[in-house]
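S.K.: Below is one structure. I have some questions about it.
The values are calculated or read from the model by the stated rules, or taken from the named source; none is laboratory data. None of the values given here were measured: they were computed from a predicted structure. FYI the Cβ positions are ideal-geometry reconstructions off the backbone, even for glycines, and counts take in every protein chain you see.
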Amino acid sequence: MNVSDKLKSLSIDRSASPTASGRWRVAAVGALVIAAGAVAWALVGRGAPPSGDGAKPAIASPALVTTAPQAGAPRPRGGLVASGYVVARRSATVSVDITGRLTDVMFEEGAVVEKGQILARLDDDLARYDLQLASGRLQSASAAIAALKAQMIEADAQRQRAEKLVQTGAVSAAAFDAAVSRVNSLTAQYQAAMADARVAQTATDRQNEFVERHIIRAPFAGVIIAKNAQAGEILSPSAGGGEFTRTGVATLVDMASLEVEVDVNEGQIADIKAGQSATIVLDAYPDWQIAGEVIAIIPTANRDRATIQVRVGFKERDERVLPQMAAKVTFDRSAN
């Protein structure tokens, strides 16, 4: 068999008639098509108008149901939302202005303190010795003044007698001049003693103040949030002694001065004004809405972020609000 015969054997003979099974399949498909058309005609015919004028059936659309707002129901108020943190407007690191060893610490974290309350003490033994020395000098100066005052009284009496006697010639003029000179000398000594006493008083007051500075007091009422030193450590106004020298003993926060600082985009700052109502939501309490108001808009912009800082205050104080908490503030646009 050559190549041509092989190719002919692979061709399909289209002259052959279809088998019986093939005719049955074609008839079944045709019946299904006819049945589907009948069903479609029946469904369309039900929607046709009874007048039979050939109008096409209208396609029904779903109805839009609107509900009227109930009287007195609160309407949601949208507004500008900004993120920020709770900060204390009044916060301080309580430190010392002298160098000394800490001997007593009389507080713990979370303690509520009043203004002027003693928080800690430094070793003041040497300072008290110097105070005693200054007080002794003041007492000595006071005693010298008392002695000179008595001598001045006696010298003045002698001068008066000498003045009377010189008029009668009982004593010489030289004796009278000596009495006057003694009075003048004692007066000068008295004035010098008074000056010494004032110096001694000033030294005593200064040393007394120096002793007082060994006592660390709360500068205002608030809550201690950090304990920065322990008894036995050295405190100094500056950490000149290295990392082992403390500069502060505690961090004090006035909880009544808590507020929220947020950054608002420059393009939206026109929608905010001082006194505007706002709603504060803390990330720690997402379901708690706190009433607030704008305290101030800081009159400068951050050119790196194109934002302006806004201070928002709390209308009511709550113990759950803590410094450095993350918060979101929604400004009431209806207030504009």
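S.K.: Look through segment 81-98, keep the residues that are β-branched (V, I, T) and closer than 16 Å to V294 by Cβ, and return whichever of them is surrounded by the fewest Cβ atoms within 10 Å (Cβ to Cβ).
M.R.: Checked segment 81-98; the qualifying residue surrounded by the fewest Cβ atoms within 10 Å (Cβ to Cβ) is V81.
S.K.: Here are the criteria: (1) over 14 Å from V312 (Cβ atoms); (2) crowded, with 16+ Cβ neighbours inside 10 Å; (3) within 15 Å of the chain's Cα centre (by Cα). Tell me which single one L282 does not satisfy.
M.R.: (1)
S.K.: Here's something else I'd like to know. Please find, among A188, A195, A274, A173, the residue that is under 30 Å from D332 (Cα atoms), free of Cβ contacts under 8 Å to residues at least 60 places away in the same chain and surrounded by fewer than 13 Cβ atoms within 10 Å (Cβ to Cβ).
M.R.: A274 is the lone residue from the list that is under 30 Å from D332 (Cα atoms), free of Cβ contacts under 8 Å to residues at least 60 places away in the same chain and surrounded by fewer than 13 Cβ atoms within 10 Å (Cβ to Cβ).
S.K.: Is one or more of the residues making up segment 304-325 within 15 Å of K273 (Cα to Cα) and exposed (fewer than 13 other Cβ atoms within 10 Å of the Cβ)?
M.R.: no
Yes/no per residue for (1) in the same structural domain as M325 (by TED's automatic domain parsing); (2) modelled with pLDDT under 90; (3) surrounded by 13 or more Cβ atoms within 10 Å (Cβ to Cβ):
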residue	(1), (2), (3)
V65	no, yes, no
D104	no, no, yes
V113	no, no, yes
D130	no, no, yes
G136	no, no, no
A143	no, no, no
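S.K.: It is to be established whether one or more residues within segment 248-259 are surrounded by fewer than 16 Cβ atoms within 10 Å (Cβ to Cβ), in a loop (DSSP other than H, G, I, E, B), out of contact with any helix residue (DSSP H, G or I) (no Cβ under 6 Å at 6 or more places or on another chain) and at pLDDT 90 or above.
M.R.: No - not one qualifying residue is present in segment 248-259.
S.K.: What pairs come out if I take residues in segment 108-132 that are among the polar types (S, T, N, Q) and pair them with residues that are surrounded by 11 or more Cβ atoms within 10 Å (Cβ to Cβ) and assigned to a loop (DSSP other than H, G, I, E, B) whose C-beta lies under 6 Å away, six or more apart or interchain?
M.R.: Once the first residue is among the polar types (S, T, N, Q) and sits in segment 108-132, its partners that are surrounded by 11 or more Cβ atoms within 10 Å (Cβ to Cβ) and assigned to a loop (DSSP other than H, G, I, E, B) give Q117/A218.
S.K.: Moving on. Please indicate, with yes or no, whether at least one residue in segment 138-150 is under 30 Å from G100 (Cα atoms) and either in contact with an Asp or Glu (Cβ under 9 Å, 6 or more places away or on another chain) or in a helix (DSSP H, G or I) (or both).
M.R.: yes
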